[in-house]
Structure formats: structure tokens, C-alpha cells
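A.B. asks: One structure is given below, represented as C-alpha cells, and several questions about it will come after.
The values are calculated or read from the model by the stated rules, or taken from the named source; none is laboratory data. Note that the coordinates shown come from a computational prediction; the quantities given were computed from them, not determined experimentally. Using ideal geometry, Cβ is built from the backbone for each residue, glycine included, and neighbour counts are taken over all protein chains shown.
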């Protein structure tokens, strides 16, 4: 391990120079005109994997290519680790809000500013450099390694699941490691313990055959706008609990230890309030703010549309009304089950004088880390050593569909260790990463390999 | 009276020919290019008033002119009647749906088809011809008469209230007669006994300062879309009653006689159902269909808008939500009082984590006829004689703001006797009136004058 850390000490300034080179490639996957840049970034990543000592290939998909790096010399008895990241980036606009050009990496006060610095080029690259440090510094790895880097993450990864399914055997592994998230606080290493899932619906209520005059017909005709309001109102109690019968049946009640750990996190409630900018915050009774956004399910209106919404007073009794309503799910809820429960509930609430149709627009399962086992323990120790304090466990209120996909297709646990700082502006101007995080990330990941070697 | 009916017999074919001439003038008030036609129609009406024996003038307003006709030879002791109508018409589009041209009056099966045949040229003109029949046939009228014909009814009468206020003394009268509505059934003469009023609001709910990610924030932030649904749902009970405390305090409970009369009307429920085209009808418990649309108040959503309403699943926690909600009011409710009650109610329902603002967009009072007195009795007898059966009393679920304005400014009761057939296509292609209604209307109105003479 001393060899490896010494190698990092010696090569760190070159690592930084290479990262700058990587960040200068405008690999914006959403823009057709950047397709050559996306491909150039793929080739660049493959070259760096080869420099590190892996075999690498750029593999075609219907969209942007996937880069695959492999080192399998630990032997068939040793475990295999899959490292996932992405080399594409968000569009940089609005350009005028950047303090330095998006694709000209610039260091200010020890922080590196560039599109992709945190999401995800910086974090993908620190894994490649940790592999290089191990293979060049110690001459070997205690585990076999597959690196999978895609170029379509910022456009919803349309080619990735088919790719993983098609190469299931080649990608077979004992654990997946992803670094594409943030730390809870700067210098506070973090491991993700859960992600929420999603069940997203459109509810359509059809009343009359066409819009009617509210004077001539109002009072005798059931108004689909009123019915829709009743349906939406019936989904949630005033105390913030979802009132669909059976909704909580599959909701995991976390152990006291996990809840106490959340309680102990240095969370800036006032900062959160300022970000939100509402007259106040609220949520399900009996749960803390972080529990409400990480480990409890939600029911949120995402959209409402009915009748006349322009200027002034149109006296219309509308023919139809529509709501977009979504539920954030927590382990062990399943979107399919939520759909069934919602349909049963709505059919009880809606009167027979309207037709109600429920369309499922998106379903994604929640995820829960395995908080035991050799990979988790190795990560915990490596982060503690590199950062000088043990990692905290954090949740994430949103969904990362690829995490569940990896777990289901490859049947391997996923480990999410993020090195981005809080507020990294991942999809905004002035994206950044502290150079300290880049360096400590390389050290932490290389220590992680050493820990796996026992 | 025999002279008058004989005059009508003798002149009826000329009356028809003149009506055709009137209907050929495309006096579409909504279209700038038709302004000369609107003025030509005003001049034409003034000429016919003079033919009938009245003094007439075309008076300027900031918009289209008002035509004023006067006959005051009954003397200062005799009562004065104000007859209101309008000489402008709705636009004829869509033209391709007319079976004969909109401004080329065409008779098919005894029915006259043309824009304005019922609304309101045909009904205004039959009053002018009844006056002519009286003045030329009998030589005099038992009452003084003022005819007020406006050219802006189809664009909301912007100049009329200021005109009536400015000429309040000249327009002073003992009763106002308006023929701009329909009969309950063909050959069944009808007098309107009530109109509903309107209180129309926008409810705005503001939560976060801007749209938020529903994954990152959902569960801890109060969603303005859910709050809006709760507010709207709280306005009405499942049994169709409005649940705003105090809302029914001023609602007139009609006497048993009126309710029994409604029950006896030959109402085509199945036809109404087909028009509506919903899976079913419903409304306030304990009231019949006609009662629900004529004499009971309503609460209808006219519009809803919140968050993302395009294609697909946007996981947004919206910053704001808006509903347009209106109440049809019945005697003796007042829109100002309804606003106060709504504000108090909403402030109790909405949680403190959002800001709610209520904007009043429109308020109009309900109206109730005086079902006694010499004018009402004379109208009842005249209609019975002309149509061979006594008139029925009908309500109207919509509002006719000018009725309340006349009553309030001129402090005179208003009598609404309509001669349009049901389904006259007043604002649609193929507007029509049975020639029989035109003739019987002239006879009924001239008898009405005779009845007023005792």
C-alpha cells in the first residue's frame, strides 16, 4: 500500500493535467453536433484505461459508445468488481453565467471549475487513476475489475440496459461501485444507503361529451374538475400520510440505529428552508425532515389541467380534467403494486357519472444498500482512512434507475460512494470539484482495493 | 283590439318581407369590418320605429350606437313601458355548417333560417310591429313607450350601463319588457321567473419560491397542487351541497306552488342527457333536475392549472397552482357576501406553509321576477290568448346581467317573455325562428298593450 500512495504522490500533478485534458472535451451527449466530441471522449477514456494497465475497447451501441476496460489477472477464484461511470456531460448553457469557460478547467481557491468536474468525468477519472496507482504502484489488484463507462447518462441511458443485458456474462461481478453522487458535507465521506423509487401516473376524468355552459348545465352535471380535486384530495391525509388503503403495507420501517444516525447528521435546516423559499416546511408527522425526503414515501401533484386557464372569466363546465400525480417509493414498495392500490382507491372515490382512466407514465423501484459484507466494510475503512473520519450513511430522495437495473440484471450489490461536494452545480453553471476531493478520492479508492486484498 | 288584429292580418306579409330585409344586414358587432353594417342596422331600426309612429333617434356611444324610440302621447298619468332589444348579431362562422347562407333569410317547412332570426332581430322586430299594429290599427297605446335597442349585446354591452345611467330620467319607466330568450317548448308560451347570478373567482396557491425536484424535496415541502385540490374538494359535499359555512343563509327557498309548477313542465330529461353526453347526471340531493339548474346555487371548477402538463413524466414539485371556480347564485344571494364566505373558508382550509390569494373575476346578482302586478297579469293573459294556452313559468340557469342592471338603475320590474323556439341555435350555425312564433309574438305583444289598457 505504501508503494501505491507513493505512486500517487509522485504522479498527482500529471493526474490533474490529464483530468484537465478530459474536461476540455465538450462531450455533450444531448447535442447532435457534439457527437464527434462524445466519441473523442470515449477514445480518450479507453486510452487512459490502457495506460493504467487494463485491456480496453470502445463498443458501439445504437447511440453513443460504451467504453469497456477489463483486468482479470486476479484469477477466476478472486471476486470481480464492476466500476460504472459516464464520460458524457450536461449542456453548459446558460454560458453567460459561468465565471470561467465551461470547457476550460480553471482552479480558484483549490477548487476546479468545469462542466463534468463532478458529474461524472472527475469521479470516473479518479477511479481510473486509482486503478493505475494499484497496477503501476503495487503491480496487481486483489480483485478482477471491469470498468463500464457510458456516454448517454445525461440523456437517460437509452442504450445501457440493452447493453448490460446483451453482455450479462462478460459483466458478471460480485459488486458494482458507482461514484456519481455527492458527499453529505465537504470532508465528510458518505455512502448511500437508500434511493427512493417512483410511480408516476396521469389521472384523466371525463364528464360531458364536450365543454358545456356552466349556467345552462351547472348543478345537474357532475363537473370533472371538481371530481379530480376530490380524487387528488383523497390521496393524502391532513397529517401528511398517504390515505390509499394498503399503501404502507410494504414500506420498510428502518431500525432505530439508522434513524438515530440520520438524526446525528450535520443537516442545515435553515439552508434547506432558504433553498425552498416557501412560507414553511411540513410533511408526515412523526418523521424528521431528512427521513421525510429519504426514507418515507410521498404523493405529489406534478401537474393539473382542466377547462379554461387563460385570462378572465370563462363560464365553462369542462368536459375533462387531468392530473399528473407521482409517488416516491421506499424499500420494499413496488410501482406495480402502487398502481393496483391507486386504481382500486380511485374507483371507490370517483362517482359513476364520470369516466376515470389512470395511465402509468413511469415506474422505478426503490433501492437499499447492503450495509454489511466485505465490499461495504472495505469501503467504510478506506473512506475513513483517506478522509480521516468514518463515512456517514446518507439517503437520496430521487431515483437513479441504473442502480436498480444493475442490481436486478447482474444480481450484485451496488455501492454508491460519492466524492462531489454538496452544491456541486452538477446540472448548472460553474460546476466544480475541490481538487482535495479528486486526490482523496484516488487515495480512498486505491485503499478500497487494498482492503479487499485483506 | 279587433282593428289591431285585422291590421296584423292585412300587413303580415309586408312584416315578413321587412324582417328579411333586417336579417340581410350583417350587423356583426364583434368584427371591426362590419361597423358600417351595424350602423346601417341602427338606422334601419330607427326608420321602422318612425314608420310605426314613434319618434326615433340614433344616439352615439363610445361603441356602436343605441337606437331610442319614444311614444309619450298616453300622457303623464299613464304608465311607461321600456322595451329593450338588440340589433347586433353573433358572427356567423363556421360558414360551411349553414344549410343556407347566414345573411340570406330562407324559409324551410315554415321555419325562417338566418343569423339573428331569434337572437335578437326577430324578437326586437316583432315588438316594433306590435307597436305599429297598435298605433296604426287602434290609433293609440294605453301606455307610454320607450324602445331601447343596442348594438353591442353580443360583445358584452360595454356602453349600455353608462348609457342607461346617463339617460336615467329619459328612460324612467314602470316596467321593462325584454324578448331575447326561448320558450320552454314550441307552442308553449313562457315567462321567465328567475335568473341565476354569478360569483367567479381565481384561487392562487403559492408554495416554494420556484419549481423544485420532487425527489430531492418531496415529502418535506407542502405541494401547492395538493393544497389546491384540498381547497376545491372542501367546497362541496359528496351529496352535492356546497360546504362553505353560511353559503345557504341567503338562498331563497321557493314556495311549494312554484316547485310543483316546475315539476309539471314537459321536460325532456332524456334529450338533456343526450346533449350532455356524460355517463350520468347528478346534483344536489332533494331537488329535481330543473330545480338544480334554475333555483339552486352551484360550485363549478372552470379551470385548473399547475406544474407540468405536457407529454410525459416531469418530476416537478410545482411552485404554484391556480383554480378558476365559480358559483351560480340564486335569489337572494349576493356575490360580495359569497366572496367573504369563500375567503374565510379557504383561510381555514389552507395550511400556513402556502400563500393563498383569491381574485374575484366577475360578480353578477341573481334575479327574480315579480309574479304579481298589472304588467305580469297583462302578459299572462296576452300570451294565453295568442298561443291558446296559459304561459308556463321557467327559470334560466345562466345570467343576463342587463336584467339586474335595469332593475337596479331604473328601479322597475323586468318582464322576460321569449319567443325563440327551444334549440334556436342562437350562437350556432342555422339559427332559426318558426314564422308562427314571429306572428304569434306580434299578436301576443299587441294584446299585451290592449290588456294594459284595461
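A.B. asks: Would you check which residues across region A:249-297 are within 27 Å of residue A:341 (Cβ to Cβ), more than 14 Å from chain B (Cβ to nearest Cβ) and outside any helix (DSSP H, G or I) and list them?
C.D. replies: Once the filter is applied, which keeps residues that are within 27 Å of residue A:341 (Cβ to Cβ), more than 14 Å from chain B (Cβ to nearest Cβ) and outside any helix (DSSP H, G or I), region A:249-297 yields A:249, A:250, A:252, A:253, A:254, A:255.
A.B. asks: Strands (runs of 3 or more DSSP E) wholly in region A:155-240 with at least 2 residues that are more than 14 Å from chain B (Cβ to nearest Cβ) and at pLDDT 95 or above - which ones?
C.D. replies: Numbers: elements: A:175-178, A:190-195, A:197-206.
By residue number, A:175-178, A:190-195.
A.B. asks: Among the candidates B:197, B:240, which residue alone is in contact with a helix residue (DSSP H, G or I) (Cβ under 7 Å, 6 or more places away or on another chain), under 17 Å from residue B:330 (Cα atoms) and surrounded by 17 or more Cβ atoms within 10 Å (Cβ to Cβ)? Walk me through how you get there before you give the answer.
C.D. replies: Values: B:240 fails: in contact with a helix residue (DSSP H, G or I) (Cβ under 7 Å, 6 or more places away or on another chain).
Just a single option satisfies the conditions, and that option is B:197.
A.B. asks: Take region B:266-279 and flag every residue that is closer than 11 Å to residue A:209 by Cα and surrounded by 13 or more Cβ atoms within 10 Å (Cβ to Cβ). Talk me through it step by step, then tell me what you get.
C.D. replies: So in region B:266-279, the residues closer than 11 Å to residue A:209 by Cα come out as B:273-279.
Those that are closer than 11 Å to residue A:209 by Cα and surrounded by 13 or more Cβ atoms within 10 Å (Cβ to Cβ): B:273, B:275, B:276, B:277, B:278, B:279.
A.B. asks: Considering only region B:50-69, state which residues are assigned to a loop (DSSP other than H, G, I, E, B) and either modelled with pLDDT under 95 or under 26 Å from the mean Cα position of the chain (by Cα) (or both). Full working, then the answer.
C.D. replies: So the first thing to find is which residues in region B:50-69 are assigned to a loop (DSSP other than H, G, I, E, B), and the list is B:53-54, B:60-65.
Answer for region B:50-69, where residues must be assigned to a loop (DSSP other than H, G, I, E, B) and either modelled with pLDDT under 95 or under 26 Å from the mean Cα position of the chain (by Cα) (or both): B:60, B:61, B:62, B:63, B:64, B:65.
A.B. asks: Among all residue pairs at least 6 apart or on different chains, which show Cβ distances below 9 Å where the first residue, located in region B:242-268, is at positive phi and the second is surrounded by 11 or more Cβ atoms within 10 Å (Cβ to Cβ)?
C.D. replies: B:246/B:337; B:246/B:340; B:246/B:341; B:246/B:344; B:246/B:345
A.B. asks: Considering (1) surrounded by fewer than 19 Cβ atoms within 10 Å (Cβ to Cβ); (2) more than 30 Å from residue B:327 (Cβ to Cβ); (3) at pLDDT 95 or above, say which one residue B:409 fails and leave the rest.
C.D. replies: Among (1) surrounded by fewer than 19 Cβ atoms within 10 Å (Cβ to Cβ); (2) more than 30 Å from residue B:327 (Cβ to Cβ); (3) at pLDDT 95 or above, residue B:409 violates only (2).
A.B. asks: From the list A:406, A:419, which residue is in the same structural domain as residue A:172 (by TED's automatic domain parsing) and touching a helix residue (DSSP H, G or I) at 6+ places or on another chain (Cβ under 6 Å)? Write out each step before concluding.
C.D. replies: On the way: A:406 fails: touching a helix residue (DSSP H, G or I) at 6+ places or on another chain (Cβ under 6 Å).
Going through A:406, A:419 in turn, the sole match is A:419.
A.B. asks: A further question follows. What is the one condition in (1) over 16 Å from residue A:327 (Cβ atoms); (2) in contact (Cβ under 8 Å) with a residue 24 or more places away in the chain; (3) surrounded by 17 or more Cβ atoms within 10 Å (Cβ to Cβ) that residue A:220 does not satisfy?
C.D. replies: Single failed check for residue A:220: (2).
A.B. asks: For region A:81-99, indicate whether the set of residues that are modelled with pLDDT of 95 or more and over 30 Å from residue A:168 (Cα atoms) is non-empty.
C.D. replies: Going through region A:81-99, the residues modelled with pLDDT of 95 or more turn out to be A:81-89, A:98-99.
Of the ones still in play, those that are also over 30 Å from residue A:168 (Cα atoms) are A:98-99.
Scanning region A:81-99, I find at least one residue that is modelled with pLDDT of 95 or more and over 30 Å from residue A:168 (Cα atoms), so the answer is yes.
A.B. asks: Another question, if that's okay. Within the set of pairs 6+ apart or on separate chains, which have a first residue in region B:340-358 that is closer than 15 Å to residue B:242 by Cα, a second that is in a helix (DSSP H, G or I) and modelled with pLDDT of 95 or more, and C-beta atoms under 7 Å apart?
C.D. replies: As it stands, the answer is B:346/B:231; B:349/B:230; B:349/B:231, since those pairs meet every condition given.
A.B. asks: Residue B:424: within 18 Å of residue B:89 (Cβ to Cβ), assigned by TED's automatic domain parsing to the domain that holds residue B:170 and either buried (at least 21 other Cβ atoms within 10 Å of the Cβ) or without any contact (Cβ under 8 Å) to a residue 24 or more places away in the chain (or both), yes or no?
C.D. replies: Numbers: within 18 Å of residue B:89 (Cβ to Cβ): yes; assigned by TED's automatic domain parsing to the domain that holds residue B:170: yes; either buried (at least 21 other Cβ atoms within 10 Å of the Cβ) or without any contact (Cβ under 8 Å) to a residue 24 or more places away in the chain (or both): yes.
Yes; evaluated as a whole, the condition is true for this residue.
A.B. asks: Can you find, within region A:243-263, the residue that is modelled with the highest pLDDT among those that are within 26 Å of residue A:392 (Cβ to Cβ) and touching a strand residue (DSSP E or B) at 6+ places or on another chain (Cβ under 8 Å)? Spell out the reasoning first.
C.D. replies: We begin by selecting, within region A:243-263, every residue within 26 Å of residue A:392 (Cβ to Cβ); these are A:251-263.
Pick out the ones that are also touching a strand residue (DSSP E or B) at 6+ places or on another chain (Cβ under 8 Å) and you get A:252, A:258, A:261-262.
Values: A:252: 97, A:258: 90, A:261: 91, A:262: 94.
Among residues in region A:243-263 that are within 26 Å of residue A:392 (Cβ to Cβ) and touching a strand residue (DSSP E or B) at 6+ places or on another chain (Cβ under 8 Å), the one modelled with the highest pLDDT is A:252.
A.B. asks: Restricted to region A:298-320, and to residues that are more than 7 Å from chain B (Cβ to nearest Cβ) and out of contact with any strand residue (DSSP E or B) (no Cβ under 6 Å at 6 or more places or on another chain), which residue is modelled with the highest pLDDT?
C.D. replies: Going through the qualifying residues, I end up with A:319.
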